[in-house]
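The values are calculated or read from the model by the stated rules, or taken from the named source; none is laboratory data. Not measured: the values here are computed from a predicted model. For neighbour counting, all protein chains shown are included, and Cβ atoms are generated from backbone atoms with ideal geometry for every residue, glycine included. Ligands, DNA and RNA are stripped out before the accessible areas are found, and what is left, the full protein with its side chains, is counted by its heavy atoms. Shrake-Rupley method; radii C 1.70, N 1.55, O 1.52, S 1.80 Å.
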Amino acid sequence: MARLYEIRADYDRETIVVYQAYADPIADASLEAQTFVRPFSFKRMTWIKPSFLWLMHRSHWGQKTGQTRILAVRINRAGWERALSLGELTSPERGVYRSAAEWERKFQTAPVHIQWDTERSSRGAALPCFSIQVGLSRHIIREFVEEWIVGIEDLTPRVRKWNAIRVGSSRSLKRELPGEKVYPVPGELTRKLLISD
């Protein structure tokens, strides 16, 4: 059974997959370049999510306006862990911050925001654990785009197929979806991310 806070992801020794959903113009340009290029915005925060099912819930399986293209973005683990190290939680959690004022001060200047959201099943039901999403501000997006991204894959055709399958059988769907396992977060980051050893 999943712990309350843990990062579950598709990863290997060097890279980790995060998911994003966009409209056609951004998806097409970025797939061609194999990194994010305009009309992708470099001036606003972009959120990356290692949980496939959480993004499916958020994008309504690629049916939400502006989120019809599902991209699997493979980035290097060094970049992912740098983002985690620079991040601050989106709420003043006890045990991480000494006071709300300390949290506010750190959060306002953090280049990365870290948020835990309720994980979802393939049918959208809330699960008793959380999924991480990482917000990269305009101060670090260039680094993400130019140094971390290894490649981008368009999952949209498969997402449409999987969405049709899930209407019938969530059991058969589970065998089709991207595999995710617990990501080994460096020990010095576990406390600030609410992850217990």
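Structural remarks
- Scanning the stretch 41-57 for residues that are aromatic (Phe, Trp, Tyr) and either assigned to a helix (DSSP H, G or I) or open to solvent by less than 40 Å² (accessible area, probe 1.4 Å) (or both) yields Phe42, Phe52, Trp54.
- Pairs where the first residue, in the stretch 3-14, is in contact (Cβ under 8 Å) with a residue 60 or more places away in the chain and the second is of a type in the set (Asp, Glu), C-beta under 9 Å, 6+ apart: Arg8/Glu119; Arg8/Glu180; Ala9/Glu180; Asp10/Glu180; Tyr11/Glu180
- The set of residues in the stretch 162-173 that are surrounded by fewer than 15 Cβ atoms within 10 Å (Cβ to Cβ) and in contact (Cβ under 8 Å) with a residue 12 or more places away in the chain contains only Ser170.
- Taken over the stretch 118-127, residues that are closer than 23 Å to Leu84 by Cβ and either without any contact (Cβ under 8 Å) to a residue 12 or more places away in the chain or open to solvent by 30 Å² or more (accessible area, probe 1.4 Å) (or both) amount to 3.
- When Arg94, Arg74, Arg38 are checked against the criterion of being closer than 21 Å to Glu188 by Cα and open to solvent by 20 Å² or more (accessible area, probe 1.4 Å), a single residue qualifies: Arg94.
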